[in-house]
Each structure stands twice: as C-alpha cells, then as structure tokens.
Amino acid sequence: MRWTAPGAEQALLSEQPATCLASDTQLVRSGRALFGTPTLLGGQAAKAGLSCASCHINGRDNPHFLLAGVSAAPGTADVTNSFFSAARGNARFDPVAIPDLAMPGKVARDPDTRALEAFIRTLIVEEFGGQEPTPAMLDALATYVRAVRACPGEQSVGRRLGDQLAAIEDGAVGAELMLDRADPQGARLAIASMRHQLGLIAERYSGPGLAREREGLLAASRELRAIGEDDAARIGPMLARWKGEFDTGLAKRLRRAEGRSLYDANRLAKSLRQFAPSAIMLRRSTHSVRGAAFRGAPGAAPFQ
C-alpha cells in the first residue's frame, strides 16, 4: 500500500494481469523468482520491499504504482532518482511510464547480442545500487523477460494463495539451477525469493484465528534462512527436505485456511475500510522520511 495510488488498493491487492509466457523452462522459472525478489535490487528498494515485479506485475506494468517523490502520476517512476542510487541520480524529476515488458522496448532482445543482459545488469547495479549479479542470474532474468507475452484478451485474474505457493516453487527450482551452475550467490538469492513469498502470505493471514499459520510461516522462513547460510554443498539436500515438509504440512494448512485470509476479496475489502486511516498516516510518515532521504539526511531510510 505504500506505493499504491489511494483508492486503488482493492484493485491492486485483489486483481493482477494474467501470466502468459512463451515457455516455462527451469531457466524461465528461475528468472521469474529473482524478478520478484527485493534483495536483487538492494539499497532503498530492498528496504522498501520493492522488486522488479512491484512495477512489472507478472512482467507487465502496474498502472496503480505511486511512490511519493518517485512517481508523478500512477503508473510512472523516476528510476534516475538518487533515492534509489546516487550513481544514476541526475538531479532532475523526470518520471516515465512504467513499460509493459510484453511489448517491444528500446533494448534489443536478441539473445545473441546479450544487450538485454547488459541492460538488466545496469539497472540492478547502477540504477538501484544492488550487488553485482552473476552471469547465471543475468541469464535467468533475461530469459524470463524474453518469455513474457501479452495474454489473449488481456484478461486479469484474482490474486490467490496459489500465486505465492507457485513462486516458492519457482524459487526452489531456481536454487537447484544455480547450484547446478556452481553459483551459490544465485542459489541464496533464490532462497531469499522464497522467504519473501512466505512474508507476502503472512501479510494475508492476519487476525487471531490465523496465529498458528503465521507462526508456521515465520518458522519456515527462519529455516530457509539457516539453509541459505549453510555450506553451499549442503544447500541442495537441505532445501529439498524443507520443500517436502512444507508441501505436505504448512502449505496444506494454508490452503485450508485461505477462505479466512485476506486472499478472500470480501475480507480484504473489509480490512481496507477498517485500516484506511492508518494507511493514510503511514503514507504521510513515509513521505516525510523519503524527503529526508532525497536530501541525504544521515541514516534516512523509507522503511525497514
């Protein structure tokens, strides 16, 4: 909600563009997992919880994106703002429309030229201040972007628990791919993508009646953190064991409780009405902190 236009919360949190991909290979799924990981971008974007997928939902665009000091109107962003990275700050406020990645863009997508890989690397390192991505990570990200397609009829679909569960599966697939390519950095980032999805689920399972599910999600995330911090040779077997236990245990409980969560559109609408005043105050407070961050105030950060 921090980067959603007022009045568009229900639309953004309950609907999304349908997913259409040219292929669904292991490499595409790995790229999709990294694409939805705030840690990939690093810096202030990671602190805000912003990933590539925040602006490009399912690889498309986000007409409701509105971040104070970064957007001029919903669906726009100034990626050369020093808020994200001093390296590309141009001292001008020049937001542009967020592009739909299913449409042809200014960067050639021919895999032989590797122009897309170079462009993505520049976005991560220079525009957002993220860590240098590995060749395997760039390969996965570029392959995913090349696979994004417009869906027939441009239909939208509801947001469901299954979206996050599928993204966790993508992360596991991505970690396996990165380990096969001797890339522990990429594997750990794929695991971070899984933890991020667990957090998105936890946000939807609010209320005292879902405390057991939230506790399970927190425990599962901590287990993943420990796996990612372990020796690279042990990550694969440990992650496979975690995934098996998750699928047969917590994931089943989450599915049974989905109707009582904020994945239910009616419950979501009621919650948004209840917390609307708090959301307004949140936007005001983060706006003032962002202003300090733009001015370079010591220790300023949008949110943790």
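The values are calculated or read from the model by the stated rules, or taken from the named source; none is laboratory data. These numbers were taken from a predicted model, which means no experiment stands behind them. We place every Cβ from the backbone using ideal geometry, glycine too, and count neighbours over all the protein chains shown.
Evaluate the following for VAL125: is it at pLDDT 90 or above, within 27 Å of GLU9 (Cα to Cα) and of a type in the set (Val, Ile, Thr)? Answer is no for this residue.
Of everything in the stretch 12-50 that is over 22 Å from PRO74 (Cα atoms) and out of contact with any helix residue (DSSP H, G or I) (no Cβ under 7 Å at 6 or more places or on another chain), the residue that is surrounded by the fewest Cβ atoms within 10 Å (Cβ to Cβ) is ASP24. In summary, CYS52 fulfils each of the numbered conditions (1) under 19 Å from ALA192 (Cα atoms); (2) touching a Pro at 6+ places or on another chain (Cβ under 6 Å); (3) modelled with pLDDT of 95 or more with the single exception of condition (2). Against the criterion of being closer than 29 Å to SER261 by Cα and either free of Cβ contacts under 8 Å to residues at least 24 places away in the same chain or assigned by TED's automatic domain parsing to the domain that holds GLY199 (or both), GLY31 does not qualify. Of the residues GLY69, GLY153, GLY130, GLY171, the single one that is in contact (Cβ under 8 Å) with a residue 12 or more places away in the chain and at positive phi is GLY69. In the stretch 226-252, the residue that is farthest from ASP183 (Cα to Cα) out of those that are exposed (fewer than 12 other Cβ atoms within 10 Å of the Cβ) and not aliphatic (A, V, I, L, M) is LYS252. In the stretch 1-105, counting only helices (runs of 4 or more DSSP H) that sit wholly within it, the ones holding 2 or more residues that are basic (Lys, Arg) and under 27 Å from GLY171 (Cα atoms) span 26-35. Residue count for the stretch 118-138 under the criterion of being farther than 20 Å from ASN81 by Cα and either of a type in the set (A, V, I, L, M, F, W, C) or in contact with an Asp or Glu (Cβ under 7 Å, 6 or more places away or on another chain) (or both): the result is 5.
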